[in-house]
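Step one of this worksheet: look at the structure below.
The values are calculated or read from the model by the stated rules, or taken from the named source; none is laboratory data. Keep in mind the model is a prediction, meaning the values are calculated, not measured. Please note: Cβ atoms are built from the backbone with ideal geometry, for glycine as well, and neighbour counts cover all protein chains shown.
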């Protein structure tokens, strides 16, 4: 693949001060030179409704187009109540429906998560991996990024200042690009 690997970033948070969305913004500056990252805001999507799946809102149509144009997806998933957020699940549903129009099908993917708790969103990542199986996403196995105590890793401007976490994010991005290129070569 001579053109850059196009990664689509999706945050499961709509909060202005989201550490997960900040991780996606930081990822842009840590990408390997052969990759690009575009972040798509899914926070304004209406709740998924099967009655509307064949005529989805224009922002969902655009989202599905962006997924199909991307070579890989990077999910930034907060953890709410031991699970992915309603916003994340909603975006997953819209892009997966109708059944014969699954935009996720066969896409390489990776997950990052940040949380003020010490677990760093690990349970949300586990649940998202389970959902990925049904969507036929191809998740990267290693490395993982569970950024716990995120309030100490970011500064007041939501810049990732923890050098270890910056290195971890950079390693995950490199692995995602390598994984994507391996899968492309195999197909």
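Before moving on, here are some points about what is shown:
- Taken over the stretch 1-31, the criterion of being loosely packed, with under 14 Cβ neighbours inside 10 Å and part of a loop (DSSP other than H, G, I, E, B) is satisfied by 1, 2, 3, 15, 16, 17.
- Selected residue (criterion: farthest from residue 138 (Cα to Cα)) from residues of the stretch 32-44 that are assigned to a loop (DSSP other than H, G, I, E, B) and touching a residue at least 40 places away in the same chain (Cβ under 8 Å): 43
- Within the stretch 163-187, being without any contact (Cβ under 8 Å) to a residue 40 or more places away in the chain and touching a strand residue (DSSP E or B) at 6+ places or on another chain (Cβ under 8 Å) holds for 165, 168.
- The lone exception for residue 48 - which of (1) without any contact (Cβ under 8 Å) to a residue 60 or more places away in the chain; (2) closer than 21 Å to residue 85 by Cα; (3) in a strand (DSSP E or B) it fails: (3)
- For first residues located in the stretch 114-129 and outside any helix (DSSP H, G or I), partners that are modelled with pLDDT of 90 or more and surrounded by fewer than 17 Cβ atoms within 10 Å (Cβ to Cβ) and lie 6+ apart or on another chain with Cβ distances below 7 Å form the pairs 116/149; 116/151; 118/149.
- Evaluating residue 137 against the criteria (1) free of Cβ contacts under 8 Å to residues at least 60 places away in the same chain; (2) closer than 18 Å to residue 64 by Cα leaves one unmet condition, (1).
- Single residue of 170, 93, 99 found to be surrounded by fewer than 19 Cβ atoms within 10 Å (Cβ to Cβ) and either in contact with a helix residue (DSSP H, G or I) (Cβ under 6 Å, 6 or more places away or on another chain) or under 16 Å from residue 25 (Cα atoms) (or both): 170
- Consider the stretch 132-166 and keep the residues that are touching a helix residue (DSSP H, G or I) at 6+ places or on another chain (Cβ under 6 Å) and part of a helix (DSSP H, G or I). The one that is nearest to residue 77 (Cα to Cα) is 150.
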